[in-house]
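Remarks on the structure that follows.
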Amino acid sequence: MGKFTPFYRIRSLQTTQLIDDPGSNLEEVIEEANAVTSVNNLGSKQALNADYLDSNYEIGQLYPFLLSNDPQVPTFPLTNSVPMTKSFQERWYKNLNSLMERALIPHCGDGKDLYIITGAVPSDYRVKGKVTIPEFVWLAACCDIPGGGWAMGFTKHTQDSGIIDDVMVRDLEQLLPHKPQLFQDNCGETEQDTEKMKKILEVVNQVQEEERSLLSQESTSPLTSTQSQRSAPLSPEASEGGGSFLGKVLGFLLTPFIKLFQLIYYLVIAVLRNAIHLLWFVAKQVINGIESCLYRLGAATVSYLVAIGQELVGIPWKVLKVVAKVIRALLRILCCLLKTICRALSIPLRVLVDVATFPVYTMGAIPIVCKDIAVGLGGTLSLLFDTAFGTMGGLFQVVFSVFKRFGYKVTFDNSGEL
């Protein structure tokens, strides 16, 4: 990594607003030494070289110089830098160089259509209470090739044991403050080349394995030096005077045990490291599964709420439709009633009077009809009685006449007359 000269940056890449001195007419990028006497309130809103002195942090570029062929690209201004430890800075630059040279540029037309965005998410810790230490740094890459493009993001936590992780760009956007959209149309997410992404992920896995191996070597090297220092007094070269023979005997006897202890120690370290990696992988998969479930649950909840909202919005319209139908039915009933009235009014008045007086005449004629019926029945009964009595009288008269004649004849014969 070549040395660099820090620069003072009056305005950032994303905005034209001046940082420390809005009224300054200086160039966009100048050396800090030239800005000390020309800028008012220098360092009140951005970092300076003095903020990094006597600290365990160095000025770490989010976009290393080795990733750019243009020396005028504003890579080194302090506004584009964040505090990094030396070991983290070396591993971050190595990760980015490996990814660019082995994965990103070769699978994007030699980098002609490759777009890179880098940044950092701040933590709650600061260097000297001023410069914020990032929680993690990130990089987003977009290959804008029609029909063969892709988009991918990378994150790396600032802990010494942090391994660079690959994430989808939309997932990276959810990790950033305010959840911005990094690329327009998500860099053609619907037309991405899955084969190129698989090859890129293979290279990413290789870079991750290389970093894990490097970390494991760094973690075991201090222990090896400590053990060698502890075993040094037992070696023959460290013995003095008459104790040389005893030192040789003790060294000969203890060497197998020391080797066995070292072997057991290495085995335990390897098993623990693999177990930790396995647990980390399982935890990562579980977390990803939980995040996926939560995302699906949130999407389903939003869809459900949207559906309910649509139904609630449609209720007034449905009520209006029902009211309109009720009003139309009432109008139809009123229309039918008016038609009936009009037809009733079209009937002649005499007919209406006759229909209205029919019950009166009918009720008034009932007594007369009953009287006539009674008179008729009485005449009939009188006629029947007269007929019966006349018939009986005639019969009696005939019988009486007959008896009268026979009785007269008998009386005549007995008297000897005639």
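For region 99-136, name all the residues that are open to solvent by less than 40 Å² (accessible area, probe 1.4 Å) and in contact with a His (Cβ under 8 Å, 6 or more places away or on another chain).
Selection gives Phe136 alone.
Just name the residue that is most open to solvent (accessible area, probe 1.4 Å) out of those in region 182-211 that are assigned to a helix (DSSP H, G or I) and touching a helix residue (DSSP H, G or I) at 6+ places or on another chain (Cβ under 7 Å).
Asn186
Is it true that Leu96 is at pLDDT below 90, closer than 22 Å to Pro180 by Cβ, touching a helix residue (DSSP H, G or I) at 6+ places or on another chain (Cβ under 9 Å) and open to solvent by less than 40 Å² (accessible area, probe 1.4 Å)?
Against the criterion (at pLDDT below 90, closer than 22 Å to Pro180 by Cβ, touching a helix residue (DSSP H, G or I) at 6+ places or on another chain (Cβ under 9 Å) and open to solvent by less than 40 Å² (accessible area, probe 1.4 Å)), Leu96 qualifies.
Might you let me know whether region 154-162 holds any residue that is of a type in the set (Gly, Ala, Ser) and under 15 Å from Gly60 (Cβ atoms)?
Within region 154-162, one or more residues are of a type in the set (Gly, Ala, Ser) and under 15 Å from Gly60 (Cβ atoms).
Go through (1) within 18 Å of Glu58 (Cβ to Cβ); (2) buried (at least 17 other Cβ atoms within 10 Å of the Cβ) for Ser87 and report which single condition fails.
(2) is the only condition that Ser87 fails.
In region 334-361, which residues are β-branched (Val, Ile, Thr), surrounded by 10 or more Cβ atoms within 10 Å (Cβ to Cβ) and part of a helix (DSSP H, G or I)? If you could, list the steps in order and put the result at the bottom.
At the first step, the residues of region 334-361 found to be β-branched (Val, Ile, Thr) are 340-341, 347, 351, 353, 355, 357, 360.
If we keep only those that are surrounded by 10 or more Cβ atoms within 10 Å (Cβ to Cβ) as well, we get 340-341, 347, 353, 355, 357.
Answer for region 334-361, where residues must be β-branched (Val, Ile, Thr), surrounded by 10 or more Cβ atoms within 10 Å (Cβ to Cβ) and part of a helix (DSSP H, G or I): Thr340, Ile341, Val353, Val355, Thr357.
Taking region 137-175 on its own, how many of its residues are farther than 17 Å from Met197 by Cβ, surrounded by fewer than 16 Cβ atoms within 10 Å (Cβ to Cβ) and hydrophobic (A, V, I, L, M, F, W, C)?
1
The values are calculated or read from the model by the stated rules, or taken from the named source; none is laboratory data. Here the structure is a predicted model, which means the values were calculated and not measured. Here Cβ is always computed from backbone atoms with ideal geometry, including for glycine, and neighbour counts include all displayed protein chains. Surface accessibility is based on the protein's heavy atoms, side chains included, excluding ligands, DNA and RNA. Shrake-Rupley method; radii C 1.70, N 1.55, O 1.52, S 1.80 Å.
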